[in-house]
Amino acid sequence: MSKIGFDHEALVEQFAQASTRQGEALRQAVQQATLKALQGRELTLKSVRDAVKATTKAASAGAAKSGLPTPDVEALLMKAVEGMDAALVKAVEANRRALEQFVDQGAQLQETQMKKALADIEKMEDTLYGSLDKAVADAAKNLQGPWAMVLEGMKAKGSATGSSATAALEQLTERSREAARQGRAQAQRTVEAWMDHYTALARGVLIGLSEGLDASAPPPPAKSSSKRARQA
């Protein structure tokens, strides 16, 4: 496995050989690549930025080699962004589940480390957009137009990551209120000890969520018969 967690060249090639009919396969491939880029690291905003940058770079390189007309390239890049967005929904869920464990043990949302963790969830959508904007600026000039259209459309309707983050914050707030009603509380020192391992715990949850996707993922599409005939 490469240091970025997924096979960069394989993803490039999948985009280079893709047709618009393979859009869903590309979306799933990008989702898995983004998740794999996150799995080997603590689940922080920096990890998210690095993962998005890596998958965006692969999608750009493959799209540049595809030879497809601009509307078709746009469609493929939209699937790439949807795949990254879906991966970050899993990252939000992993963070939520990890924080729930602390809340259930009496950690208060107003505590410094909890507030930072919640702020990171809230920033997940902005991190996705910012990372994409920066990565796209480095893309080939002929791809910057299609990328800009894709990102403009996504920002206009909002990401699944943003919706998931809002829901996660609401769920954690309600769970904290329930814990307070039940009188659960822990010493500050104990909470701080738990929170020191928070990002590692969230990473472990993410790995579990990703493994479930791996089990249900379809096999990669076979090469076309015409291409096999040319190689014979």
In segment 153-164, anything open to solvent by less than 70 Å² (accessible area, probe 1.4 Å) and either of a type in the set (Asp, Glu) or assigned to a helix (DSSP H, G or I) (or both) is listed as 153, 154, 160, 161, 162, 164
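This table checks each residue for (1) over 12 Å from the mean Cα position of the chain (by Cα); (2) assigned to a helix (DSSP H, G or I); (3) touching a residue at least 24 places away in the same chain (Cβ under 8 Å); (4) over 16 Å from residue 210 (Cβ atoms).
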position: 64; (1), (2), (3), (4): yes, yes, yes, yes
position: 82; (1), (2), (3), (4): no, yes, yes, yes
position: 87; (1), (2), (3), (4): no, yes, yes, no
position: 94; (1), (2), (3), (4): no, yes, yes, no
position: 97; (1), (2), (3), (4): yes, yes, yes, no
position: 109; (1), (2), (3), (4): yes, no, yes, yes
Per the filter on segment 133-163, residues modelled with pLDDT under 90 and among the hydrophobic types (A, V, I, L, M, F, W, C) are 135, 136, 137, 139, 140
The condition of being polar (S, T, N, Q), modelled with pLDDT of 90 or more and either farther than 21 Å from residue 151 by Cβ or surrounded by fewer than 24 Cβ atoms within 10 Å (Cβ to Cβ) (or both) holds, among 28, 108, 39, 101, only for 28
(message) For the structure I just gave you, tell me whether residue 22 is at pLDDT below 90, part of a helix (DSSP H, G or I) and of a type outside the set (A, V, I, L, M, F, W, C).
(response) yes
Output for Cβ contacts, cut-off 7 Å, separation at least six or different chains, first residue surrounded by 13 or more Cβ atoms within 10 Å (Cβ to Cβ) in segment 128-152, second aromatic (Phe, Trp, Tyr), reads 136/147; 139/147
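The values are calculated or read from the model by the stated rules, or taken from the named source; none is laboratory data. Here the structure is a predicted model, which means the values were calculated and not measured. Positions of Cβ are generated from backbone atoms using ideal geometry, with glycine treated the same way; all protein chains shown enter the neighbour counts. Each accessible area value is taken on the protein alone, full model and side chains, heavy atoms only, with ligands, DNA and RNA left out. Shrake-Rupley method; radii C 1.70, N 1.55, O 1.52, S 1.80 Å.
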